[in-house]
Each structure stands twice: as C-alpha cells, then as structure tokens.
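Contents: one structure, followed by commentary.
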Amino acid sequence: MSRKSLIIIALVLSGIAPVLFAQDNVTPQRKHAIDSLALEKVRDLSKYISIIGDKGTSFSEASRVIKRADELFATGSKMGVSTLASPAVNYFTVDNYFKRLMALNYIKVKIDWYSIHYISDLEKQPDGKYVGVVTIYQRFEGYGAEGLKYTDVTKKDVTIYVEKKHTQINGMPIDFWDVILGDMKVTETKKQ
Amino acid sequence: MNLIKWISLFVYIQFYLRVEASAQTIVAPTLEDEVVLYASTKQVNQFFRRFNNEESIDGSRYYEKDSLYRNPITRSFFLNLLFDKENSFVKEDLKRQFIQYVGDPEKPVFLDFHGGNWIAQVNTIFYWEGKEVNATLFLKLQEEKIGSKWVINRVCFRPFEEFFVKDTQDTVHFLHPLSHELEFMNLYKVFHDDKNILQNYTERNYDPDYLALFLFEVKKGNLRFKTVTDVKFHFFQVDNWYFELSQFNRAGYNTGWLISDLQKLDSKEKDSLLKNVYNRYE
C-alpha cells in the first residue's frame, strides 16, 4: 500500500472525513462526493435530534449530545422556525433550539425521518467557500398520559458550507474538502 | 401515465427496496406522505432544475453528458407540475402557450440561476417608533469576482412614502424665479415653513432614495429587524413573459415553489410591471 493511501485512510479514521481533491472547482464527481459528506453530517444531526428529543435519554447524555450537535454547526448559526399558524420566522441559537427540544413537555416523544432528501447545487460565495442547502423531513409525535397528544411534519432546510482545507500528515501536505452546517430553517408542513 | 402516478410507482419501489439504516434515524411513515414529498418542489433550486429538466424524479442531478439532460418530453411533464393549480387567475390556455414557448424544440428557453432578470421579494417586519411595521425588501443576485451574493436593491416602506407625498399642484409654496438675486436668502421660508410640505420645493421628478433612508434609520437604531414573513420571486428571464414564484405549504401534491402568476408582455409592459412589483405591499 502506498504512503499516500495510508495517509488517506488515516484521515478518514481521524474523523476529518475528507473528500480529497487537488483543484478547487466542483466537477459532477466531486459534487457527488461532497453531497455524500454533507448527507453524512445531516444524518448525524438527525440522529442527535432524535436522541435529544427522546424522553428516555438522561439529562447528562442529552447535554453531551447537544455539545456534539453544536459542533456540527458554524459559529453563530441560527435556527429559524415557522409554523403553519405563524409563517413569521422565530430565531433561536443552535444551543437554545436543542435545549427547547430537550425540555418539551411530553411523556414520550417519537421522532422519525423520512428517507427523502434533496440536495441543491453548490454555489460559490465571495469568500471562496461553496454553499448549498440540504432539505430533509421529520415526523414528530408527542405522547401525554392519555396517548398521542401532538404530531407534526417539519421540513428542515440546512445550509452547508463546503470549504477546501489543508493539513499536513507526516510532513506531507494534504488538501481536502470539509463540510460544516450553517443556518437551518424549520418549516412546519403538517400538523394533527 | 401522469407524473403523480409515475412518482407513486417510483416511491413504491423505493419503499419496498429500502433498507433501514438505523432504527433511530430512518423510517418511512407512510407511502402517501413520501409521494407528496417527492412531488413537492422543495427548493427554488429544484424549481430551476425541474423547469430545465436537469434532474430525475427522485431529484438526482442530470449533467450535460446524461441522455435525459434537458430532455423535451420529460421537461413538459415537469413544466406542467410547476404551476399553482389552485390559482384560477392563470388561465390554462396561457399556461399552454408559455410551456410551448419555453419548450419550443427549435429554440427552447431555460432558466439560468446566474442569468439575472429575476428578483426576490422579501416581506419582513421591523420595529419602528414602538410599533411593528411591514417592510418589503427587494434583492437581486450580484456576480462578484469570486462567486455571487444577494444584495438589497430596493425597499418599500410605507411610512417613508407617506412622508414624501408631493402636492404637484401646489402654487403657494415655491422659491420664486429671482431668488438667486437675493442669494437664496428666502430659503429660510423653505426650512421654517410646515415641514410636511418640504418635498414641494424639490424638482418635479424628485424620487427619494428610500433604501438610503432605510439604511440610515437602521444604523441610527430607529428601525430594528424582527422577522421575515414571506418570500417570492419575480422572473423576467423569459423574453416576453413574466412569472411569479411563490411557496405553497399545504396538503396535496401541488406544493412547494410554484408559479403563482403568469403574464405575457411586450417590453413596455415589462417596465411598467417591474415598477408595479417594486411598489407592492403585501
């Protein structure tokens, strides 16, 4: 196995999850690889939301997961929430959004994710980073003592920033593309 | 087979082939729901791709080398899907004409994200003098040395406009034609008179820059952003046509970003419509 292959494997195992490329334009093949990486991050987010919302999750575990979820987002990212009744957007910090989810007043919460997702094209912004939006759908069920109390379906449009980064491993320079999440718009689409 | 049936069949196959990645993350609540979500035009980006037939039913991107890229047959399916079907103001015949025009096999018309001639209308609420007041911002996509960005190019804010209503028939308030001989000493009259008619001393075509005023007031802390309430887009990219794109968050298959208004126009009508759009309060 070549030295370069070993370094790539090391990067993958180190959690950087790189998409390694030499140039900085986005070809269809590269876009495909970046999409996979973006989806992986969004799936991590979905998983964390499910754990944080789950009433069976202990407070300390939920707090730990909130920290992990926070790390997926760029500093200063906001959650914008609108409902069917009120289309005006309410803004929350990422941390507050998760804390509110953790504090919901139900005996049991069930959060499911539709397998459908939609990934936009990537557009270059003036700072050289690429930006895209991944759309996913979540179904939420909140149970009270007398059974199902509330259910809704929300659309989540998640901003993704894609940036080319550089690192050195064993003195060897490596370029890779990294994905970080940004603002997220949460829109209620169905309520019962 | 119509498009919804086509999507249903696609989702049906997906549904039974699906392997659940993890019990915590992926569940397909109902087949019906999934069909609805597939049918929805979920992003403006998807509207562009569907309009141009640059993606498959499941949203996978087609590139130029793909055989179905901008395919005229599947494109006409998608174009039909992109109208708000609950809007009776846009007549079927007009839609047909539009679809024929953009789908002309000799000279097809495609939308271009970076092609200009489309603007965003963002309805917002600001705090102003202790009250919540609507402000409509208009933004356009500006190309930069690297990449592009949305920039604000206009604002509609009713309190400013009311402030500048001009009485064009005013024959009382003016600076007489020999004012210059007195080195305009009579300006005292302009600035000490009733401030409400100050604008009557400006030239006939005076057009206040409301955006400059708006930015000034935000910077001074007199205007404070609260929220966005609605977004729509106005497209002038297709020669001799205008259409409006709005988001429909409702039950059924005809949801997401859809054409909510369609008009056939000549170049003169285009200018007056654009002016109209910029003066809209919703």
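On the basis of the beta-carbon distance and an R0 of 60 Å, B:Asp66 and B:Asn186 show a calculated FRET efficiency of 0.25. The spread of Cα positions in chain A, taken along each principal axis and listed from longest to shortest, comes to 62, 33, 28 Å.
Projected area of the range B:146-282, taken from the Cα convex hull and averaged over every viewing direction, in nm²? Working shown, then result.
On the way: hull surface 58.9 nm².
Projected area, direction-averaged: 14.7 nm².
Can you pull a Stokes-Einstein diffusion coefficient for the range B:115-197 at 20 °C (1.002 mPa s), Rh from Kirkwood over Cα pairs, as a whole number of µm²/s?
125
The alpha-carbon of B:Lys145 sits under 26 angstrom from the alpha-carbons of these lysines, leaving out residues fewer than 8 places away in its chain: A:Lys31, A:Lys124, A:Lys129, A:Lys164, A:Lys165.
Once amide H atoms are placed 1.01 Å from N in the peptide plane, what residues at a sequence separation of 5 or more from A:Lys190, or on another chain, have their amide H within under 5 Å of its amide H? For A:Lys190, the qualifying residues are A:Val153. Using the Cβ-Cβ distance between B:Ser179 and B:Asp207 with R0 = 25 Å, the FRET efficiency computed as 1/(1 + (r/R0)^6) comes to roughly 0.60.
Report the FRET efficiency, 1/(1 + (r/R0)^6), for A:Ser86 and B:Asn222, where r is their Cβ-Cβ distance and R0 is 22 Å, rounded to 0.05. Don't jump to the answer; show the numbers that get you there.
Working: r = 26 Å, r/R0 = 1.18.
For R0 = 22 Å, the calculated efficiency reads 0.25.
Can you list the GluC sites (Glu not before Pro) in the range A:128-192 that are in a DSSP coil and have 14 or fewer other beta carbons within 10 angstrom?
On the way: sites: A:Glu141, A:Glu146, A:Glu163, A:Glu188; in loops: A:Glu146.
Sites meeting the loop and neighbour criteria: A:Glu146.
The Rg/Rh ratio for the protein assembly as shown, using Cα coordinates for both the radius of gyration and the Kirkwood hydrodynamic radius, is 1.03.
I'm checking a number: the convex hull volume of the Cα atoms of chain B, normalised per residue, in Å³. What is it?
Details: hull volume 66.6 nm³, N = 282.
Convex hull of Cα atoms, per residue: 236 Å³.
Loop-only check: which GluC sites (Glu not before Pro) in the range B:82-121 are DSSP coil with at most 14 other Cβ within 10 angstrom?
B:Glu86, B:Glu106
Under the convention that each Lys and Arg Cβ holds +1 and each Asp and Glu Cβ holds -1, the size of the dipole of chain A around its Cα centre is about 260 debye.
FYI, it's all coordinate maths here, none of it is from the lab. Nothing here was measured: the structure is a model prediction, and the numbers come from that model. Heads up, the Cβs are rebuilt from the backbone with ideal geometry, glycines too, and the neighbour counts pull from every protein chain shown.
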